[in-house]
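A short worksheet on the structure shown next.
The values are calculated or read from the model by the stated rules, or taken from the named source; none is laboratory data. Predicted model only: the values in this text are computed from it and were never measured. Here the Cβ is made from the backbone with ideal geometry for all residues, glycine too, and neighbour counts use every protein chain on show. For accessibility, only protein heavy atoms count, side chains too; no ligands or nucleic acids. Shrake-Rupley method; radii C 1.70, N 1.55, O 1.52, S 1.80 Å.
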Amino acid sequence: MSRAARELGLKRREFELAVHLGCVRTVPDEGGGGRRVGRDEIDRLRHDRRFPETLRERVRAVGTAEGAKLMDVAPTRFTRLARLGLVTPVNFYLNRYRAVVWLYLADELRQFAAAKETVPLLTGRTPPRLRDQLEAGLDLRPRNWRGRQLGFLLRPTDDPWARAAVVASFLEPSQVADIVKDPYERAHLNRFWPQRPAHGVPGSPAARLAERIMTADDPDEIGWLRADLTKTLAEARDHQAAPRPRSEQAPPCYQGLEPENAVAAPPQQESRLKTSAQPEGEQPGTRERHEAPERTRGLLSRLRARKTRPARDRRRAARV
């Protein structure tokens, strides 16, 4: 991926956005390393007469000020349109003041401004119904970004367990545990957990703020994600069961089996059982208590012999 981004003249964030938007097609890596870009795809993009300007313009993301200039509106009106969900952000980052900076596709903003049905929203007064929603604190930017990001992550995913992990990644851990009650299934989901973009040091205020943005908090959104996770999880179970330890895969040993039907113990286990068996009428641990003093006396005699041996050798050498 990094080599493909260099050959296409794109920055890391631009290249990731180009892959999510389908501008750069990827294929599964045969070596199991995720996804990669084929040489034929790079050649196809580089043969464009306006390369790399065409590709860069398709993935160009702008902030509020530049987006307002593209739509020829005031920044305050642009922010109201974004909060109402009429324009959807494609990415975000946190500045040095830990303020959220939303980014929008420049191509989509130009299309929104050129549409005839959106002219009243750009020039006239905001309808009273929309004004009431804004005064109530409506802000659909985080939710719309999550919905768009969910589509980006699901598009190249074919494995049912990986799709379930993508849906679960937008829910709180308690919500996931409430639906996926089996710990082995939760562990299997973690294997396919999508990697989230890092925003600051883990555990820092910036990272916690980004985590809140990436996690669903609207009741309607949570209900929709829970229903989608339940459906996707059922498909994953039908496709392939989550791996479990061998002890749980073995058939259970039922009580009341006849001796000829009982499963014989392994040879090692039989030897341990024979050595640990006690003679009839002897209390468990009696033999160990009787043998312990003898072992202790033998150990002490060997230690004394080691200490007296050097002195004995010196006396013999002096006599010689």
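The length gained on full extension between Glu30 and Asp72, counted as 0.36 nm times the residue separation minus their Cα-Cα distance, comes to 10.3 nm. Fully extending the segment from Thr215 to Leu138, taken as 0.36 nm per residue of separation minus the present Cα-Cα distance, adds 26.0 nm.
Distance between the modelled labels on Arg56 and Arg148, one decimal in nanometres: 2.1 nm (7 Å Cα→Cβ projection).
Computed from the C-beta positions of Arg44 and Arg244, the FRET efficiency with R₀ = 41 Å rounds to 0.35. For segment 79-154, the fraction of 1.4 Å probe accessible surface lying on carbon and sulfur atoms is 52 percent. What FRET efficiency comes out for the pair Val119/Arg155, r = Cβ-Cβ distance, R0 = 25 Å, nearest 0.05? After rounding to 0.05, the efficiency reads 0.15.
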